[in-house]
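Engineer: Can you read through this structure? Questions will come right after.
The values are calculated or read from the model by the stated rules, or taken from the named source; none is laboratory data. Being a predicted model, the structure only gives us computed values, none of them experimental. No Cβ is skipped: glycine too gets one built from the backbone with ideal geometry, and neighbour counts run over all protein chains shown. For accessibility, only protein heavy atoms count, side chains too; no ligands or nucleic acids. Shrake-Rupley method; radii C 1.70, N 1.55, O 1.52, S 1.80 Å.
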Amino acid sequence: MYCTKNSEHVIMKKAIGILFLIFTSLLIVGCSADSATEDNQAEAEKTADKSEQAIRAVIEKEFNGPDEKYKALWGAMAEAQTSDKYIDDYEAFLESPEYQELMSYTEETYASYFTENGYDNFINQAPAFMYSSFDGDYNLNTSTIEIAQSENETTLYDFTFQVEYTDENGDSSQFNFEGNAIAPEKGKIGEIEYSDGDELLQELRNNE
């Protein structure tokens, strides 16, 4: 009888030990899964933050202005292009210091926020510094920039913002923009579009 009870005691201790190991393993697996989920969520938020920062930076650089350095470089480039030295030699003009300085400044200002293809599209199709290329004395300021990441596709972003235009007489008008962007890499824009129905562009043209 004594041996039987002792055997049962040993068996019970082993069973408890096995159950404890199973419970501990499940606890570790559960904690690991929770930790992995939290890490994934944190990484997604970090990616979103960097991409939102890139989008915000591009909006602010494009619509807080005009950029006086860009205007000066653009003027020098335009003057060089129509000069006797380059007017009949476009290839030589593309290698001119005036053109290269303009391209270098544009790259310094915007390239870090884009993928390589995204940057090429932005400077050629958007184009970059569009709202800084007008004559006259005016000022632009952005406000209320709101950026939202898509719930279904984390690389897609929608945004809205306002631009205050002040003319040479100090009169101001507000223009409401909306747009979207694709950020295929963390903090790098592949494509960005924005519009107010060309109302601000028309205002700038009218006041040149």
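Engineer: For the range 142-185, which positions are within 18 Å of Thr115 (Cα to Cα) and either of a type in the set (A, V, I, L, M) or touching a helix residue (DSSP H, G or I) at 6+ places or on another chain (Cβ under 7 Å) (or both)?
Structural biologist: Residues satisfying the conditions are Thr154, Leu156, Tyr157, Ala181, Ile182, Ala183.
Engineer: Looking only at the range 54-92, which residues are of a type in the set (A, V, I, L, M) and under 21 Å from the mean Cα position of the chain (by Cα)? Lay out the reasoning, then the answer.
Structural biologist: As a first pass, look at the range 54-92 and keep what is of a type in the set (A, V, I, L, M): 54-55, 57-59, 72-73, 76-78, 80, 87, 92.
Ala54, Ile55, Ala57, Val58, Ile59 - these are the residues of the range 54-92 that are of a type in the set (A, V, I, L, M) and under 21 Å from the mean Cα position of the chain (by Cα).
Engineer: Any idea how many residues of the range 129-152 are at pLDDT below 95 and open to solvent by 40 Å² or more (accessible area, probe 1.4 Å)?
Structural biologist: Summing the residues that are at pLDDT below 95 and open to solvent by 40 Å² or more (accessible area, probe 1.4 Å) in the range 129-152 gives 7.
Engineer: Which one of these is at pLDDT 70 or above and among the β-branched types (Val, Ile, Thr): Ile59, Ile22, Ile28? Please lay out each step first, then the result.
Structural biologist: Numbers: Ile22 fails: at pLDDT 70 or above; Ile28 fails: at pLDDT 70 or above.
Going through Ile59, Ile22, Ile28 in turn, just one is at pLDDT 70 or above and among the β-branched types (Val, Ile, Thr): Ile59.
Engineer: I need the full set of residues from the range 127-150 which are among the β-branched types (Val, Ile, Thr) and either more than 14 Å from Asn64 (Cβ to Cβ) or in contact with a Lys or Arg (Cβ under 6 Å, 6 or more places away or on another chain) (or both), in order please. Working first, answer last.
Structural biologist: Step one: list which residues in the range 127-150 are among the β-branched types (Val, Ile, Thr), which gives 142, 144-145, 147.
Within the range 127-150, Ile145, Ile147 qualify.
Engineer: Which of the residues belonging to the range 173-206 are in a loop (DSSP other than H, G, I, E, B) and more than 17 Å from Asn141 (Cα to Cα)?
Structural biologist: Of all residues in the range 173-206, those in a loop (DSSP other than H, G, I, E, B) come to 183-184, 186-187, 190, 196-198.
Correct list: Ala183, Pro184, Lys186, Gly187, Gly190, Gly197.
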